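Beneath this line is the structure, given in structure tokens, with notes to follow.
The values are calculated or read from the model by the stated rules, or taken from the named source; none is laboratory data. Note that the structure is predicted; figures quoted are calculated from it, not measured. FYI the Cβ positions are ideal-geometry reconstructions off the backbone, even for glycines, and counts take in every protein chain you see. Only protein heavy atoms, including side chains, enter the accessible area calculation; ligands, DNA and RNA are left aside. Shrake-Rupley method; radii C 1.70, N 1.55, O 1.52, S 1.80 Å.
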Amino acid sequence: MGSSYLREAHITVKGFSLNKLTFTFVLLGLVILLFIFVPLFKMIVSSDASILWETILDEEVRDAIWLSIYSSLIATTAGLAFGVPLAYILARFDFPGKKIVEGFIDVPIVVPHTAAGIALLFVFGKQFFLGKAFGVFGIEFVGAVPGIVIAMLFVSVPFLVDSAKDGFKGVDPRLEKVARTLGASPVKTFISISLPLAWRSILSGSTLMWARGISEFGAVMILAYHPMIAPVLVWERFESYGLDYSRPVAVLLILVSLFIFIVSRAIAHRGKS
Amino acid sequence: MITIRELCVDLGDFVLENATLDVQNGEYFIILGPTGAGKTVLLETIAGLYSPKSGAVWLQEQDVTTLDPEKRNIGFVYQDHVLFPHLTVADNVSFGLKQRKKSKTEIREVANWAIELLGISHLLKRNPDTLSGGEKQKVALARALAVSPKVLLLDEPLSALDPETRESVQQQLQDIHNQLNLTIIHVTHDFEEAISLGDRIAVLAEGRLAQVGTPQEIFRQPKSETVARFAMARNIFTGEVKDGDDESAVMDIEGTQVTVVTDVRGKHRASLRPEDILLSNEPVHSSARDSFKGNVTHIVDRGSTIYLTVAVPPDFVCLVTRRSFEEMNLKEGGDVYVTFKASAVHVF
């Protein structure tokens, strides 16, 4: 009954010496929690409600936040279309170099995002190959919404691929095999078995990707300073007018991001036994 | 009829070699083998879930070697049920019918038929994770049977069940097989399950088919030591077979001259089942029998039956009922006579 004794010790703090390590860890963990919580909390509570309201009424601010939201939504849709199939392949098949591919997917997370923006510019810029190719169809990236979308896609798609991959890995391949023997084609099997069973991971990966896209600054700024997404607007107001003018926009952006994040968490945890 | 010709499957760390089998229509066919022998791979290859490296699979006069699994019309049931967790019992059972684009009434009728057959009508609205092991296995069976498969492939269908449930599901399998005249290929590592269910048994060991035959053939005349061990012959000897008196043969096993019935001569192996050995406190004399005095060296109590090792030499593993064990007052270190028919010794 050692484990129940331990559990009791945790609750009653009776076996205090036994938990010295745990206690130290709690203290150290609190530092991180406060480090995250205090700045966000302080900024939200110290902002004047009337100024906040004024900011909401500011068309430039609303446009920027809206642009952030829908650009990221487009990026996420593209991520779903191209990333989910990749996630399925990575979850189901072993092939030479698979580890390299898996590592490669996560590279955008570790690359400085301004550098990522520069790299994208070298492919999607007007004088470069893809930029020219899309230019034929009248699609421009630099200083335009498509540029914002690809910048967001680049930096946030790893979150969706990784999450979807974990989701597919959690689906017993034999479920798919049984479905095949019962007469379902590979496509039917994917749609009626694999996808519904992995959807929770795909959905939480999507919302994470969406939220990550909304919060992106560096890569987007390099490709498209204008039209202005919310983080760029925060930066510009801070640079041009100082802290007092940038703060309400920042608060609004944080609230929007938090809302999306909380919704995503709620979806991911709903019904989990 | 299912015909498997020189089938080879290469899965990197596992290789199935040259499997050749004929399973008749309406036959209850058992593939018996230890864990890791390639039984599941063989079944999955028949179902089309693996492509063989070489060889062919024929199903009812049709070469299906390269046919997609969904076009083979084969029922597959795994050991741990593998029910679709996001679908109710009813939707699990009708899954295959829905793939066949049947009318709603037809789907309901056929699904009901399968549900009645397995006696699971009280479970229809339940989710798979709320079912017991036996219930899950019945749902998996109903799901496979609902599509009227040409053959039912069962991968260790009883192994995950508790003994009581196992017995009832086993009976149900037997009944369904008889009732529908269904061709079944059933994979198991359990010899007793194989003996009681199988019309014929194939023994698979280390990726090779060691022997195919009726339960009696596998039981009485194992062709190799692997099969003999798997058939739980327990007594496997090596010795020189020579001419005996009166056209009989004698096998020299560790210095003991054992009369056997065989045409072969030279160095061979022989198996003898524990239950074919009679133990007695007095010698038994008969021309058709071998009788030796030995010493009880080891006793394994299995409850209603008891295994004894008697050193003659060689060591004979013998089986007695608890009653005779107590009546004979057998003890470790005591002397006893082992007697068996010459024909009970199977030389191979």
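In the range A:70-199, what percent of the accessible surface is made up of carbon and sulfur (1.4 Å probe, ligands and nucleic acids excluded)?
Values: 4780 of 6320 Å².
Carbon plus sulfur share of accessible area: 76 percent.
Taking A:Lys177 as the anchor, which aspartates and glutamates have their alpha carbon closer than 18 Å to its alpha carbon, excluding any fewer than eight residues away along the same chain?
Filter leaves A:Asp94, B:Glu44, B:Asp68, B:Glu70, B:Asp80, B:Asp91, B:Asp155, B:Glu156.
In deg cm²/dmol, rounded to 500, what helix-only [θ] at 222 nm does chain B give when every DSSP H run of at least 4 residues adds -39500 (n - 2.57) and the total is split over its residues?
Values: 9 runs with 92 residues, N = 348.
Result for chain B, helices only: -8000 deg cm²/dmol.
Sum -39500 (n - 2.57) across every DSSP H segment of at least 4 residues in chain A, then divide by the residue count to get the 222 nm mean residue ellipticity, nearest 500.
Estimated from H runs of four or more residues: -25500 deg cm²/dmol.
In Å and whole numbers, how far do the C-alpha atoms of the range B:2-229 stretch along each principal axis, longest first?
In descending order, the Cα extents are 51, 39, 32 Å.
For the range A:58-196, take every pair of Cα atoms, bin their distances at 5 Å starting from 0, and report each bin as a whole percent.
2, 9, 14, 16, 16, 14, 11, 8, 6, 3, 1, 0, 0
Could you give the dipole magnitude of the range B:221-348 about its Cα centre, charging the beta-carbon of Lys and Arg +1 and that of Asp and Glu -1, in debye to the nearest 20? Don't skip to the end; give the middle numbers.
Numbers: 15 positive and 19 negative charges, 98 e Å.
Here the range B:221-348 has a charge dipole of around 480 debye.
Hey, if we sort B:Lys138, B:Lys125, A:Lys188 by accessible area with the 1.4 Å probe, largest down, what's the order? If you can, show how the numbers build up before the last one.
Values: B:Lys138 45, B:Lys125 185, A:Lys188 85 Å².
Ranked list, largest accessible area first: B:Lys125, A:Lys188, B:Lys138.
To the nearest 20 debye, what charge dipole does chain B have about its Cα centre, counting +1 at the Cβ of each Lys and Arg and -1 at the Cβ of each Asp and Glu? Intermediate results must be reported in sequence, preceding the final value.
Working: 36 positive and 49 negative charges, 247 e Å.
The calculated dipole for chain B is roughly 1180 debye.
Here is the link list: A:Lys99/B:Lys150; B:Lys39/B:Lys223; A:Lys98/B:Lys125. Which ones come out longer than 30 Å on Cα distance? It would help to have the intermediate numbers written out before the result.
Values: A:Lys99/B:Lys150 42 Å; B:Lys39/B:Lys223 20 Å; A:Lys98/B:Lys125 42 Å.
From the list (A:Lys99/B:Lys150; B:Lys39/B:Lys223; A:Lys98/B:Lys125), the Cα-Cα distance tops 30 Å for A:Lys99/B:Lys150; A:Lys98/B:Lys125.
Apply the membrane-span-like helix rule to chain A: whole DSSP H runs, Cα extent along the own long axis of at least 24 Å, mean Kyte-Doolittle hydropathy at least 1.6. List the helices found. Working shown, then result.
Details: long enough: A:20-46 (37 Å, 2.25); A:59-92 (48 Å, 0.88); A:145-169 (34 Å, 1.24); A:195-214 (27 Å, 0.67); A:243-269 (38 Å, 1.62).
Membrane-span-like by this criterion, though nothing is claimed about a membrane: A:20-46, A:243-269.
Which whole-Hz couplings ³J(HN,Hα) result when phi for each residue of the range B:28-36 is put into the Karplus expression 6.51 cos²θ - 1.76 cosθ + 1.60, θ = phi - 60°, listed in order with x for Gly and Pro?
Rounded to whole hertz, the list is 9, 9, 10, 10, 10, x, x, 4, x.
What does the buried accessible surface come to for A and B, summed over both chains, with the probe at 1.4 Å? Round to 100 Å².
Working: alone 16520 and 16890 Å², together 31560 Å².
What A and B bury together is about 1800 Å².
Work out the mean other chain Cβ neighbour count within 10 Å for the residues of B:84-91 and drop it here as an integer.
Values: counts 8, 6, 6, 3, 0, 0, 0, 0.
Taking all residues of B:84-91 together, the mean is 3.
Classify the range B:207-341: rounded, prolate or oblate, from the alpha-carbon gyration tensor (a ≥ b ≥ c, eigenvalue square roots; a/c under 1.5 rounded; otherwise prolate if a/b is larger than b/c)?
Numbers: a/c = 2.03, a/b = 1.25, b/c = 1.63.
Cα axes put the range B:207-341 in the oblate bin.
When we measure straight from the Cα of A:Lys42, which aspartates and glutamates land under 20 angstrom away, once same-chain ones fewer than 8 places off are left out?
Correct list for A:Lys42: A:Glu54, A:Asp244.
Counting heavy atoms of the protein chains only and a 1.4 Å probe, report the per residue accessible area for chain B as a whole number of Å².
Working: 16000 Å² over 348 residues.
About 46 Å² of surface per residue is accessible.
Most mobile of B:Asp301, B:Asp13, B:Asp162 per a Gaussian network model of chain B (Cα springs, under 10 Å)?
Among B:Asp301, B:Asp13, B:Asp162, the largest GNM mean-square fluctuation belongs to B:Asp13.
Need the list of lysines near B:Lys331 for cross-linking: C-alpha distance under 23 angstrom, and skip anything on the same chain fewer than eight residues off.
Leaving aside lysines fewer than 8 places away in the same chain, those within reach of B:Lys331 are B:Lys293.
What does the structure give for A:208-221 when I average, per residue, the other chain Cβ atoms found within 10 Å of the residue Cβ? Present the calculation step by step, with values, prior to reporting the outcome.
Details: counts 0, 0, 0, 0, 0, 0, 0, 0, 0, 0, 0, 0, 0, 0.
That works out to 0 on average.
Suppose all protein chains stay in the model; what accessible area per residue would a 1.4 Å probe give for the range A:78-200, in Å²? Walk me through the intermediate numbers first.
Details: 6050 Å² over 123 residues.
Normalised by residue count, the accessible surface of the range A:78-200 is 49 Å².
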